[in-house]
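Derivation of every value follows stated rules applied to the coordinates shown; laboratory data play no part. These numbers were taken from a predicted model, which means no experiment stands behind them. Note that each Cβ is placed from the backbone with ideal geometry, even for glycine, and that neighbours are counted across all protein chains shown.
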Amino acid sequence: MKKLKYQDINIKLINACRKGDSKAQFEIYRLYYKSMYNSSLRILGNTAEAEDVMQEGFLSAFQKIDTYKGEVSFGAWLKKIIVNRSLDIIKSRKAVISIETTKVDLPDESDSGYIEKPDDVNINMIKEAIYLLPEGYRIVLSLYLLEGYDHDEISEILNITNATSRTQFHRAKKKLAEQLNELKAVS
């Protein structure tokens, strides 16, 4: 059975970008830059690096736009480029994701992935608490909860086991809740 291609709502702009149309490229940039910047920022936790990754990601996407096959939305294709470039920055920092493998506490299978928001917590407090998470926790939490990757995809991206991804996510949620309570107590 032949797999149907995804019909992107911006296909005319994408086709114009394939022809090198700078106005179409600017329009694609305008449509996607905020979400791509935010995706990178959630992973990197650094505004300057996220800005650089976003710019480089768009340049790369426009250079390789002929490889976009239309099997997923253009936004999903672009996000994969941004996420991979963000993770490359993490790797280039020679950062080792701190993962405790001696004891793996698998989260309860009934765990929905949702984080219960404490009372009197606003979005800025949540953002701050996420940026305060240890890098390994922040990356797994961002990829799973905010970017929509599942644990199999995360384990492949980060070259860790599925169980480790689940454990990191579970610990990240716990740590995030602790940090939110601390931030709430300070404010």
**Asked** Which pairs break 20 Å Cα to Cα here: Lys12/Lys64; Lys34/Lys80; Lys34/Lys79; Lys34/Lys174?
**Response** Lys34/Lys174
**Prompt:** So how much slack lies between Thr67 and Asn159, counting 0.36 nm per residue of separation and subtracting their Cα-Cα distance, in nm?
**Reply:** 30.6 nm
**Message:** If packing is taken as the average count of other Cβ atoms within 10 Å, what order do 51-64, 127-140 fall into, highest mean first?
**Reply:** 127-140, 51-64
**Message:** At 0.36 nm per residue, and after removing the present C-alpha to C-alpha distance, how many nm does the segment from Leu59 to Asn122 gain when stretched out fully?
**Reply:** 19.2 nm
**Item:** Estimated FRET transfer efficiency (Ser22, Ser92; beta-carbon r; R0 30 Å; 0.05)
**Value:** 0.50
**Item:** Residue among Ile43, Ala24, Ile82 farthest towards the positive dipole end of the range 11-92, charges placed on Cβ
**Value:** Ala24
**Item:** Gain upon complete extension [Tyr29, Ile9; 0.36 nm per residue less C-alpha separation]
**Value:** 5.7 nm
**Asked** Given the C-alpha centroids of the range 145-174 and the range 30-81, what is the distance between them in whole angstrom?
**Response** 21 Å
**Fill in**
Net charge (Lys, Arg +1; Asp, Glu -1) of residues whose beta-carbon lies under 12 Å from that of Val140, Val140 excluded, is +2
**Asked** How big is D, in µm² s⁻¹, for the range 123-186 by Stokes-Einstein at 20 °C and 1.002 mPa s if Rh is the Kirkwood radius over C-alpha pairs?
**Response** 181 µm²/s
**Item:** Cβ-derived FRET efficiency at R0 22 Å, Lys174 paired with Tyr131, nearest 0.05
**Value:** 0.85
